[in-house]
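Since the structure comes first, as structure tokens, the remarks are kept for the end.
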Amino acid sequence: MDVTVAPPLGMLAELTHRCPLHCPYCSNPVELTARADELTTGQWLDVLDAARDIGVLQVHLSGGEPLARPDLPELVTRAADLGCYVNLVTSGLGLTEERLADLTDRGLAHVQLSVQGPDAERANRIAGARAHEHKLAAAALVKEAGLPLTVNVVLHKANHDVGALIALAERMGADRLELANTQYYGWALRNRAALMPTPEQLAAAEPVVRAQARRLRGTMEIVYVVADYYEKYPKPCMYGWGARQLTVAPNGDVLPCPAASAIATLPVDNVKTRPLRDIWYDSESFNAYRGEEWMREPCRTCDRRSVDFGGCRCQAFQLLGDAAATDPVCSRSPDRGVVDLLLRSPGEQEEFVMRGPVAAR
Amino acid sequence: MSGKPRLRKGVRLSFDKTRDTHVLLFPEGVLVPNATAAAVLELCDGESTVDDIAAALGTRFRGVRAQDVTDVLTRLADRRVVEWT
Ligand SMILES: C[S@@+](CC[C@H](N)C(=O)[O-])C[C@H]1O[C@@H](n2cnc3c(N)ncnc32)[C@H](O)[C@@H]1O
Ligand code: SF4
Ligand code: SF4
């Protein structure tokens, strides 16, 4: 293949799939890795070494709930000692003052905390647990520890109240707020009809976000992730397949994108059987959609192909059964009708199917 | 400018052996500063003024003016890498 492969910048380390919450929008796969199949501490330490060795500079410790792993402190130490920027992506449940002080001492650089809704009642209903108050407490701890805080809210029909969410994030003292419209992967796909925001909700949100972002410039940065089904062009997914980031799942599977286990046709390598360097540079999975060689029309000759890389491979597979197709969100895709149909008649579902543990095998 | 520049909270400067360059790390990504910017950033400790930084750089490079340092820092402040205290 005639693309020069750059070293990866970031690694999403999904330490476990175990999680105390039940978010209906959860993008983790429907079938979760069981505890017994999780990588051991030693294996994760090796993954961190190997990742730094091939150029990873940002380590996102996520899950599931990363705080559910008792060895989290050791992993933070290793990643920080290797010179990586260590980000903890957490629901906040299980974060205590002692644990945070310890993680901070060990070199944790940043915390990304999820919130489910603008008030306790709505948030707890979405989380399927009494979680909201814990999150407010967790945010206060992060601020006291002097760490930068990003609050992340996944937006959908039942919480699309960006004004109230921005106000909440301000009260929490967030340095950054990510308002991300739900991406339909994993468990979220099951709830698509109940989650899909209305065009009215989206139209109402955008001017609010714009005005508030202007007001808060310099205090709190707001990142708004659009609802791609409603867009004319797809998202620049992962900034290109196998271009910047890799994901290691709890069982050691290495994926070019966190959702890629959805692509049933993709051969997947595992850190237990193949060195990470080989996987990044030489594996079939990472090379499958790298660069532009794999593209067909209309992407192949499109003037936007270096802007959005043809969109999302997982979405193409999920909606069309063909991971090499143009993302059907694109208005230039011959299959855009599939997305339009979903928006016109999203289905009957009103109630969420709450996230539950479905262990693989 | 009379303030004392420092890296914003959450931004870290580090040297990357894989790429053989300084890198700026923050939650959203990685920036690769050029050699001049990296030299300035290494001296942004929240204690030194622009004149201090220019003087310190002057011992390593010839002809460093405070204005050059200010220009670099202004660009870095625009990109939310440094802040003034
Ligand atoms: C899968 S979670 C794991 C960490 C932790 N359990 C949490 O929820 O914060 C990682 C991040 O993805 C976000 N997320 C989950 N499902 C998503 C979806 N369908 N679309 C976009 N972001 C999603 C979460 O809000 C969180 O910030
Ligand atoms: S999105 Fe919700 S259910 Fe999924 S891992 Fe995070 S907290 Fe758990
Ligand atoms: S045709 Fe392909 S490259 Fe062009 S805008 Fe659509 S998805 Fe992007």
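The values are calculated or read from the model by the stated rules, or taken from the named source; none is laboratory data. All of these numbers come straight from a predicted model, not from anything done at the bench. Using ideal geometry, Cβ is built from the backbone for each residue, glycine included, and neighbour counts are taken over all protein chains shown.
Points worth noting:
- Any hit, the range A:120-141, residues being within 14 Å of chain B (Cβ to nearest Cβ), surrounded by fewer than 24 Cβ atoms within 10 Å (Cβ to Cβ) and farther than 21 Å from residue A:25 by Cβ: no
- For the range A:9-54, the set of residues classified as in contact with a Gly (Cβ under 6 Å, 6 or more places away or on another chain) and either outside any loop (DSSP other than H, G, I, E, B) or within 14 Å of chain B (Cβ to nearest Cβ) (or both) consists of A:14 only.
- Index of the failed condition, residue A:92 passing every other in (1) under 24 Å from residue A:150 (Cα atoms); (2) more than 14 Å from ligand 1 (Cβ to nearest atom); (3) crowded, with 20+ Cβ neighbours inside 10 Å: (2)
- Test: residue in the range A:90-111 that is over 23 Å from residue A:76 (Cα atoms), touching a Leu at 6+ places or on another chain (Cβ under 6 Å) and modelled with pLDDT of 95 or more: no
- Residue A:121 meets each of the listed conditions (1) within 14 Å of ligand 1 (Cβ to nearest atom); (2) free of Cβ contacts under 8 Å to residues at least 40 places away in the same chain; (3) acidic (Asp, Glu) apart from (1).
- Residue within the range B:44-62 that is in a loop (DSSP other than H, G, I, E, B) and either within 11 Å of the chain's Cα centre (by Cα) or within 14 Å of chain A (Cβ to nearest Cβ) (or both) present: yes
- For the range A:262-361, no helices (runs of 4 or more DSSP H) sit wholly inside it while including 2 or more residues that are farther than 15 Å from residue A:231 by Cα, more than 16 Å from ligand 1 (Cβ to nearest atom) and of a type in the set (Lys, Arg).
- Within the range B:4-27, the set of residues being surrounded by 14 or more Cβ atoms within 10 Å (Cβ to Cβ) and more than 8 Å from chain A (Cβ to nearest Cβ) comprises B:4, B:5, B:6, B:7, B:8, B:11, B:13, B:22, B:24.
- Given (1) crowded, with 19+ Cβ neighbours inside 10 Å; (2) within 13 Å of ligand 1 (Cβ to nearest atom), index of the condition residue A:161 fails: (2)
- Candidates are the residues of the range A:148-158 that are within 14 Å of chain B (Cβ to nearest Cβ) and part of a strand (DSSP E or B); the one that is surrounded by the fewest Cβ atoms within 10 Å (Cβ to Cβ) is A:152.
- Annotation note: of A:167, A:174, A:145, the sole residue that is touching a residue at least 12 places away in the same chain (Cβ under 8 Å), away from ligand 1 (no atom under 15 Å from the Cβ) and within 14 Å of chain B (Cβ to nearest Cβ) is A:145.
- Scan the range A:279-321 for residues that are more than 8 Å from ligand 3 (Cβ to nearest atom) and either surrounded by 15 or more Cβ atoms within 10 Å (Cβ to Cβ) or within 14 Å of chain B (Cβ to nearest Cβ) (or both) and the total you get is 22.
- Count of the range A:32-58 residues which are out of contact with any His (no Cβ under 6 Å at 6 or more places or on another chain) and within 15 Å of ligand 1 (Cβ to nearest atom): 2
- Subset of the range B:28-42 (residues that are crowded, with 17+ Cβ neighbours inside 10 Å and touching a helix residue (DSSP H, G or I) at 6+ places or on another chain (Cβ under 9 Å)): B:33, B:37, B:39, B:40, B:41
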